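Report on one structure; see the data block that follows.
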Amino acid sequence: MSGSLRIVAPGTPAGKHDHFDLLFGDKCLRLRDPRRFGAVLWTRGDVDRHPLLAHLGVEPLSSALTGARLHRLSRGLRIPVKQFLMDAKRVVGVGNIYASESLFRAGIEPRRRAGKISLEKYEKLVAAVKVTLRAAIRAGGSSLRDFVGSDGESGYFQNHALVYDRAGMPCRRCRTPIRRIVQGARATYFCPRCQS
Ligand SMILES: [Zn+2]
């Protein structure tokens, strides 16, 4: 969450929370991990079969993530679609900000049961996830207060968010005030008109 991976020149003195350097010739990949949530693991085996990775879902920007896949995985599920989308067993990397933003783009109410959403809507949602993540990458990552890109610059995707952190502010599409609710202890933002 608050850690970072950045590229520094080899020999750059380590700061207080810098725990690991990986050297590539004239470049050094440095792990800074103030809260110690991170880990560096060495394996000789198949990375995809590592116990920490084997149960993970598909990468969101890969061709493996399709509307049909989410539709199939969600049948019979009663959990809200936002929590379904954020579950790394189904798809990895769709964090809280991106889930709210993607659901807005797809016009889906975040509390709807995952198992009740149509294939057509899941196709819209997958397209929205990909657009949202690509926009965030272009903008240098989202900002969770102390997030920094590999070059140390703060991300600014959050400043351009469609709904995230905009409670009470007018929807960028229809001017209806954005609502904030809590789902699974995480804040969700949505437009009650565009996402009904
Ligand atoms: Zn709206």
Residues satisfying the stated conditions in the range 163-196, i.e. of a type outside the set (S, T, N, Q), more than 11 Å from the ligand (Cβ to nearest atom) and within 20 Å of R113 (Cα to Cα): R180, I181, V182, G184, A185, R186, A187, Y189
Qualifying positions in the range 65-84 - of a type in the set (K, R) and either assigned to a loop (DSSP other than H, G, I, E, B) or more than 17 Å from the chain's Cα centre (by Cα) (or both): R69, R72, R75, R78
Which listed residue, of G38, G57, G3, is at pLDDT below 90 and crowded, with 17+ Cβ neighbours inside 10 Å: G3
Y122, sole failed condition from (1) touching a residue at least 60 places away in the same chain (Cβ under 8 Å); (2) over 20 Å from C171 (Cβ atoms); (3) of a type in the set (F, W, Y): (1)
Pairs with Cβ under 9 Å, 6+ apart, first in the range 14-41 and outside any strand (DSSP E or B), second aromatic (F, W, Y): D33/F20; G38/F20; V40/F20
Some residue of the range 138-148 being of a type in the set (K, R) and either modelled with pLDDT of 95 or more or surrounded by 15 or more Cβ atoms within 10 Å (Cβ to Cβ) (or both): no
Search result, residues across the range 95-112 that are within 13 Å of the ligand (Cβ to nearest atom) and either modelled with pLDDT under 95 or assigned to a loop (DSSP other than H, G, I, E, B) (or both): G107, I108, E109
Residue count, the range 1-13 (criterion: touching an Asp or Glu at 6+ places or on another chain (Cβ under 8 Å) and outside any strand (DSSP E or B)): 4
Residue pairs meeting the criteria (Cβ under 6 Å; at least 6 apart or on separate chains; first assigned to a loop (DSSP other than H, G, I, E, B), in the range 181-196; second away from the ligand (no atom under 15 Å from the Cβ)): G184/Q83
Where V92 falls short, out of the listed (1) closer than 29 Å to S2 by Cα; (2) of a type in the set (A, V, I, L, M); (3) surrounded by 21 or more Cβ atoms within 10 Å (Cβ to Cβ): (3)
Near pairs, Cβ below 8 angstrom, 6+ apart or cross-chain, from the range 95-119 (in contact (Cβ under 8 Å) with a residue 12 or more places away in the chain and of a type in the set (D, E, K, R)) to any residue that is assigned to a helix (DSSP H, G or I) and within 13 Å of the ligand (Cβ to nearest atom): E109/L103
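The values are calculated or read from the model by the stated rules, or taken from the named source; none is laboratory data. The model shown is predicted, which means the values in this text are computed figures rather than measured ones. When we count neighbours, we look across all protein chains shown, and the Cβ atoms used for this are built from the backbone with ideal geometry, even at glycine.
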